[in-house]
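Written below as C-alpha cells is the structure these notes are about.
The values are calculated or read from the model by the stated rules, or taken from the named source; none is laboratory data. Everything numeric in this text was worked out from a predicted model, so none of it was measured. A quick note on method: Cβ atoms are made from the backbone with ideal geometry, for glycine too, and the neighbour counts reach across all protein chains shown. Calculation scope for accessible area: heavy atoms of the full protein, side chains included, ligands and nucleic acids excluded. Shrake-Rupley method; radii C 1.70, N 1.55, O 1.52, S 1.80 Å.
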Amino acid sequence: MRICTLLPSATEICYALGLGDSVLGVTHECDFPSDARTKRVVVTSRLPPTADSVEVDRLVNEFTMRGESIYRVDAEALREIDPDLIITQDLCHVCAASHDDLAAALSTLPRAPRVLSLNPHTLADVWDDVLSIGAATGCEQPAEKLVEYLKDRVASVQRAVQPFIEKHKRPRIACLEWLNPVFNAGHWVPEMVAIAGGEDVLAHVGTPSIRVEWQQVFDAQPDVIMISPCGYDLARAMDEFSRLQLPEGWNDLPAVRSARVFVTDANSYLSRPGPRLAEGVAILAKSLHPDLELAIPEGSLISLGRASGVTA
C-alpha cells in the first residue's frame with residue numbers, strides 16, 4: 001500500500017503499526033520517528049519557520065480573513081507517489097492540512113485514492129483513529145494491540161495518582177497552548193489533566209482551544225502552570241517563554257510563588273493526537289504530583305521554578 005499522511009499524528013500512528021515502509025509522503029512537520037524525516041514532503045507551511053507566536057497569530061488571522069490556507073499541498077509530488085490512501089484531518093486549520101487543502105490536488109491525480117479524514121476531540125477519539133487507520137490498511141490486529149497498550153499506560157498513571165488525590169485536593173492547573181496571545185489547551189488535554197489527578201481551570205473536555213485573557217488566568221489562581229505551545233518542542237517553547245513580557249501580577253500567582261511553573265514538549269506529548277499522548281498523561285501527573293514515582297520520557301519536562309521575568 002502507498003500511503004501519504006497530511007498530519008504528523010497519522011505518520012506516527014502508521015509507523016507504530018509497522019507501516020513505515022508504506023508511508024511515501026508526509027508533511028514538513030512529520031518528525032517522529034526519525035525515519036519520517038527521510039520521506040518525501042507533500043505538504044509545507046506558508047508561515048515563516050522563524051516566526052514568533054505574535055507573528056504566527058497575525059499571519060494565521062490574515063490568511064483566515066482572506067479565506068486562504070496556511071498550507072501548500074504539492075500536487076506534483078502526490079501524482080508521482082500515486083497513493084492508495086491519503087490521511088488528512090478536519091480538526092484544526094492551523095495545526096495541519098485539511099481535506100479542503102487537499103481537494104484541488106486530488107482533482108489532478110490519475111486515479112482517486114481513498115481519503116481517510118480524522119477529527120479527534122478526546123482520547124477515545126484518538127484511540128479510535130488508530131483503529132480506523134488499522135482498518136484502512138489491513139492492520140486491524142496491530143491497531144487493537146496498540147490501543148490496548150495505550151489504554152493500559154493511561155490506566156497505570158490513573159492508578160498511581162489515586163492515593164495523592166484521595167489524600168489531597170486535586171491541584172488546579174492552567175495549560176497554556178499559546179503565549180502571545182494566550183490560548184488555553186482544549187480538546188483532549190483537560191481529559192488528560194483529570195486522569196493525571198488535576199483540575200483544568202481554563203478548559204473543558206472535548207472543546208476547542210480558545211483565546212483567553214491574562215485576567216482569566218489570574219482569576220483562576222492556578223496551583224500549577226504548564227507552558228505548552230502547540231507544535232513547539234521543548235527548546236522552542238523555552239525560547240518563546242524567555243522572550244515573553246510577563247503581565248503585572250504574574251509573580252503573585254500561586255503556581256509562581258510555589259515554583260510550580262513547567263514547560264513541556266507539547267509537540268510530542270500534548271498537542272499532537274497520536275500514541276505519545278499516553279506519555280503526556282504521565283508528564284502532567286509528574287508536574288501535578290511532585291512526589292509521584294513515575295517514569296516519563298527524558299527531556300520532556302522542565303521546571304521553571306518561580307519563572308519570574310520582565311513584567312508589563
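Scan region 173-192 and give yes if some residue there is among the polar types (S, T, N, Q) and open to solvent by less than 10 Å² (accessible area, probe 1.4 Å), otherwise no.
Scanning region 173-192 turns up at least one residue that is among the polar types (S, T, N, Q) and open to solvent by less than 10 Å² (accessible area, probe 1.4 Å).
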Verdict on Val256 being over 24 Å from the mean Cα position of the chain (by Cα) and among the aliphatic types (A, V, I, L, M): yes
Residue ranges of strands (runs of 3 or more DSSP E) in region 61-135 with at least 1 members at pLDDT 90 or above and buried (at least 20 other Cβ atoms within 10 Å of the Cβ): 85-89, 114-118
Candidate set from region 127-142 (those that are in contact (Cβ under 8 Å) with a residue 40 or more places away in the chain and not acidic (Asp, Glu)); member that is nearest to Glu279 (Cα to Cα): Val130
Total residues in region 24-60, condition out of contact with any Phe, Trp or Tyr (no Cβ under 7 Å at 6 or more places or on another chain), modelled with pLDDT under 80 and of a type in the set (Ser, Thr, Tyr): 1
Failed item, numbered, when Ala10 is tested on (1) farther than 20 Å from Gly231 by Cβ; (2) modelled with pLDDT of 95 or more; (3) among the aliphatic types (A, V, I, L, M); (4) not in a strand (DSSP E or B): (1)
Selection from region 242-264 of residues that are under 14 Å from Leu304 (Cβ atoms) and open to solvent by less than 30 Å² (accessible area, probe 1.4 Å): Leu244, Leu246, Trp250, Leu253, Ala255, Val256, Val261, Phe262, Val263, Thr264
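Name the single residue that is farthest from Ala266 (Cα to Cα) among those in region 202-223 being among the aliphatic types (A, V, I, L, M) and buried (at least 22 other Cβ atoms within 10 Å of the Cβ).
Within region 202-223, the first condition is being among the aliphatic types (A, V, I, L, M), and the residues that meet it are 202-203, 205, 210, 212, 217, 220.
Checking which are buried (at least 22 other Cβ atoms within 10 Å of the Cβ) leaves us with 202-203, 217.
Working: Leu202: 17, Ala203: 16, Val217: 19 Å.
Top of the filtered list is Val217.
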Residue match in region 224-236 (condition: under 25 Å from Ile133 (Cβ atoms), open to solvent by 60 Å² or more (accessible area, probe 1.4 Å) and touching a residue at least 12 places away in the same chain (Cβ under 8 Å)): yes
Contacts under 6 angstrom Cβ, first residue in region 203-223 being under 17 Å from Asp252 (Cα atoms) and among the hydrophobic types (A, V, I, L, M, F, W, C), partner modelled with pLDDT under 95 and in a loop (DSSP other than H, G, I, E, B), 6 or more apart: Trp214/Pro247; Phe218/Gly249
Top-ranked residue of region 2-43 - restricted to ones that are in contact with a Leu (Cβ under 6 Å, 6 or more places away or on another chain) and open to solvent by 10 Å² or more (accessible area, probe 1.4 Å), ranked as farthest from Arg114 (Cα to Cα): Ala16
Subset of region 194-203 [within 18 Å of His121 (Cβ to Cβ), in a loop (DSSP other than H, G, I, E, B) and not small (Gly, Ala, Ser)]: Leu202
Meets criteria (within 20 Å of Met1 (Cα to Cα) and not aromatic (Phe, Trp, Tyr)) for Thr122: no
Test: residue in region 162-180 that is in contact with a strand residue (DSSP E or B) (Cβ under 7 Å, 6 or more places away or on another chain), β-branched (Val, Ile, Thr) and part of a loop (DSSP other than H, G, I, E, B): no
